[in-house]
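Derivation of every value follows stated rules applied to the coordinates shown; laboratory data play no part. Source: prediction; values computed, not measured. Cβ sites come from the backbone with ideal geometry, for glycine too, and all protein chains shown count toward neighbours.
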Amino acid sequence: MIVAEQKPLPEIRRMISPYERVLILGCGTCMTVCDAGGEREVSFLHNALRVAQSKGGNEAHHFLESTLKRQCEPEFLEMLVDKVGEVDVILSLGCGIGVQAIAERFPDTPVLPGVNTSFMGISSEQGVWDERCAACGDCRLEDTAGICPVTRCTKGILNGPCAGTKNGKCEANKDMDCAWVLIYKRLERLGQLEKMRRYYPMRNFRAIPRPKRLVRTPVALGEDDG
Amino acid sequence: MANALFEEKLHSDEFLVTTEIGPPKGVDVSEMIHHIDILKDKVDAINVTDHQSSVMRFPSLGGCLLVKECGGEPILQMTCRDRNRLALQADLLLAYSRSIVNVLCLTGDSIDVGDHKEAKPVFDSDSVQLLKMIRTLESGKDVSGNDLKGVPKFCLGASVHPEADLIEPQLIKFEKKVAAGAQFFQTQGIFDLASLRRFMQYASQFDIKILAGIIVLASARMAKYMNDNVPGIIVPEAIIDELASVEKGKGLQKGIEIAAKLIRTIKEENLSHGIHIMAVGNESVVPDILEAAEVEVARH
């Protein structure tokens, strides 16, 4: 899933300061799961902004709350049409995709990002998320025992560990596992170390040119599938 | 035409000596030139580091030009951290055109250990891919397959870490570097000669030259700092204790003794094909170390 972190309150207050009527808009999918911008966080943020306003400052904002199932899909955005007419700005707690989907759907209404979209990853323990995929468009997990060196090696290198690895950890961060030590150990366990002995050429950074676009073509069915 | 002196020595049985110079942060190159002058006749070649520890400095290629101007034999350290494949190839063309033909191919330290931590790390290639890239240039093509006007020829080196705590993945990568065209290796700093001996027994099956890395320590504090902060360096506790045992101000003298002793043993016991001295800011003591170790490079 997409993982994000809510922006600090002072930054959010600075962004909304020119606007009176503010729609705080949550997202019911990834942002809910990573505790950055679901219904609960919308409510907390609403309260925090109200308390901050009552403690001083000259702003007089009027807040509205709403949470869509997914901000990134046009059919859900249609449900916002009436509400958008009543506000001066949308403070989106969706990821960067949600914010931009709103900007495209509502060209006359400013939209502000309430979270910093961070990465695609998994929750490894309560309150901790780890990046796992860089969406490079050229997946090589077959060769690396299901552990991504592009994402998990700080240098994203493809031919084995650098010399900076120590105690299985990365030179950039002693708390971070060296991706290539993990790959080596898992390939060894699977009896596939020959995959590590292969030479991997430089990546094609234009596997999908940026900004990326995917146009789905029908998958050809094999005989067995028919 | 390039004078491939170092490459010729690689084909000889001489005990090879290289050292390295870290360029200054700034434009005052007088101290670097001084170091080049006192070192150029004492060693077979001088590496010029490429923003070592990811600290922005005067460039490696510029330093190699100065080594050339002073009549020394440079080894261009080239990392993949700061340049994509266009910039790396372009710098290699420039290097060759100025008769800089020895290249040490490195992946490069992480941006996170340096002084520009917010910079974009490049790593368009890694050390193995850089070796291949250079061999491709030698075939008269760039890495996209376009023809070059004039064909360069290089002498390629790489690094290896015989004391890594998990050696197998390092050896897999080492073999990829050999296959990609590395002719010589300068090792990470060696302190434990048993691991160097083990590594050499393994590495002797390859037609390459190994230069054992010797780090000159100036104090126990420096050794501890390097253990904690410099990628790939493991200074044993016994050496730190030895450095700590001397009175204040004598640390560097002790470091010179430790380095000289290592070099003497390596040479006497034939534990490598040569040495690579990393003096880390104390370049001026390299001749003293060589004298103490009774190592002299052959004159041609």
Number of Lys pairs (Cα under 20 Å; 8 or more positions apart or on different chains) in segment A:135-215: 10
Estimated FRET transfer efficiency when R0 is 25 angstrom, pair residue B:119-residue A:174 (beta carbons, to 0.05): 0.75
Residue B:207 paired with residue B:250, simple spin-label distance in nm, labels 7 Å along Cα-to-beta-carbon: 5.1
Charge dipole (debye, nearest 20) of segment A:80-190; +1 at Cβ of Lys and Arg, -1 at Cβ of Asp and Glu: 680
Packing-based ranking, highest mean first, of A:77-85, B:218-226 given that Cβ atoms within 10 Å are counted: B:218-226, A:77-85
Computed [θ] at 222 nm, helices only, for chain B once each DSSP H run of length n ≥ 4 contributes -39500 (n - 2.57): -12000 deg cm²/dmol
Highest-MSF residue in chain B out of B:249, B:22, B:114 [GNM, Cα springs under 10 Å]: B:249
Gyration tensor verdict on segment B:161-300 (Cα atoms; rounded if a/c is under 1.5, prolate if a/b is larger than b/c, oblate otherwise): oblate
Top of A:167, A:159, A:116 by mean-square fluctuation, Gaussian network on chain A, Cα under 10 Å: A:167
Over segment B:1-103, relative contact order from alpha-carbon pairs under 8 Å, at least 6 apart, %: 29
Over segment B:16-292 - Rg/Rh using Cα atoms and the Kirkwood inverse-distance radius: 0.95
Shielding score for A:136-149, defined as the mean number of other chain Cβ atoms within 10 Å: 0
Segment A:135-215, relative contact order [Cα under 8 Å, separation at least 6], %: 32
Under 5 Å, built H, 5+ apart or other chain: amide partners of residue A:91: A:23, A:24, A:25, A:112
Charge dipole magnitude, Cβ of K and R +1, D and E -1 - the protein assembly as shown, Cα centre, debye nearest 20: 480
For residues of B:97-108, the mean tally of beta carbons on other chains within 10 Å: 1
Three-way shape label, segment B:65-124, alpha-carbon gyration tensor, a/c 1.5: prolate
Virtual spin-label span in nm between residue A:143 and residue A:205, 7 Å along Cα→Cβ: 1.8
Part-to-part distance (alpha-carbon centres) for segment B:238-297 and segment B:141-203, which is given in Å: 24
For chain A, the fraction of alpha-carbon pairs in successive 5 Å shells from zero, as %: 1, 6, 11, 13, 13, 12, 11, 10, 9, 7, 4, 2, 1, 0, 0
Förster radius 60 Å - calculated FRET efficiency between residue B:224 and residue A:73 (Cβ-Cβ, nearest 0.05): 0.60
Among beta bridges that DSSP assigns inside the protein assembly as shown, antiparallel share in %, nearest 5: 25
Label-point gap, in nm, between residue A:118 and residue B:197 - each point 7 angstrom along Cα→Cβ: 5.0
Lys, Arg +1 and Asp, Glu -1 on Cβ, resulting dipole of segment A:1-109 about Cα centre, debye, nearest 20: 360
Residue A:103-residue A:65 FRET efficiency (beta carbon distance; Förster radius 22 Å; 0.05 resolution): 0.65
Candidates A:126, A:53, A:100: whichever shows maximal mean-square fluctuation once chain A is modelled as a Gaussian network with Cα springs under 10 Å: A:126
Average other protein chain Cβ within 10 Å of Cβ, residues B:125-131: 6
Footprinting exposure proxy for A:129, A:180 (fewest neighbouring C-beta atoms within 10 Å first): A:129, A:180
Cα-based helix-to-principal-axis angle, B:193-203 vs chain B, degrees rounded to 10: 30
On Cα atoms only, tilt of B:220-229 relative to the major axis of chain B in degrees: 40
Over 25 Å between alpha carbons, listed pairs B:25/B:117; B:68/B:254; B:224/B:250: B:68/B:254
Principal-axis tilt of helix B:127-138 within chain B, Cα atoms, nearest 10 degrees: 40
Listed residue (A:27, A:97, A:6) projecting farthest to the positive dipole end of segment A:1-100, Cβ model: A:6
